[in-house]
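Beneath this line is the structure, given in structure tokens, with notes to follow.
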Amino acid sequence: MNLPANKKKISIVCFSGDFDKMVAAFTIASGAAATNREVTLFFTFWGLNALKKNKGRAATGNSFMAKAFNFLMGGLNNLPLSRLNFFGASPKLMTMMMKKHNVATLPELVEAAHALGVRIVACEMAMRILEVEQSDMIEEVEDVVGVATFLNDSEDAHIIFI
């Protein structure tokens, strides 16, 4: 990539599948992109849940363990709140509060990040372990990369873990 010499870079490692953490990751990513920064979101392990194409629970993968883990991860619309989840009710309540206060919802934040040119990539190793294919992911996923590629692409970037 050829960047202007003064363009700052931010890379966000999304390793949590919690609703509030994904809201924070996409909010920071969108804000950074809107202020002319190059932004990469790198999703690994439970963070991959936010990228699932299937809106509900699906037992994807070949092995019993992969099917079990992937079934438990219900996708972007089923992310739990990191605290006080109340059996899944809290993310829905939080989304209602966000709408009431004219704050972008998580799906809207994903759409905004994509529209602003945020690069969304998935971790090849985590996908292999969880037996997830790129075809299982939302279309906004630009690439599947390994850690070395992510680190090379993130050279001179501020790296944030969420």
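We did not get these values from a lab; they are worked out from the coordinates using the rules stated. Here the structure is a predicted model, which is why all the values come from computation and not from measurement. Cβ: placed from backbone, ideal geometry, glycine included. Neighbour counts: every protein chain shown.
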Would you mind counting up the charge near residue 24? Only other residues with Cβ under 15 Å from its Cβ, with Lys and Arg at +1 and Asp and Glu at -1.
-1
One quarter of the C-alpha convex hull surface, i.e. the mean projected area of the stretch 78-134 in nm², amounts to 5.5 nm²
Entries of 8/100; 52/99; 8/92 with Cα pairs more than 32 Å apart
8/100; 8/92
Hey, can you grab everything whose amide H is under 5 Å from the amide H of residue 17? Only 5+ residues off in sequence or another chain; H modelled, so Pro and N-termini drop out.
47
From fewest to most C-beta neighbours within 10 Å, the residues 63, 82 line up as 63, 82
Would you please name the GluC sites (Glu not before Pro) within the stretch 84-162 that are DSSP coil residues with at most 16 other C-beta atoms within 10 Å of their C-beta?
131, 133, 139, 140, 155
Taking neighbour Cβ counts within 10 Å as the exposure measure, how do 110, 141 sort from fewest upward?
141, 110
Packing-based exposure ordering (other Cβ within 10 Å, fewest first) of 40, 95, 149
149, 95, 40
Sum of side-chain charges, residue 127 neighbourhood, beta-carbon under 12 Å (Lys, Arg +1; Asp, Glu -1):
-3
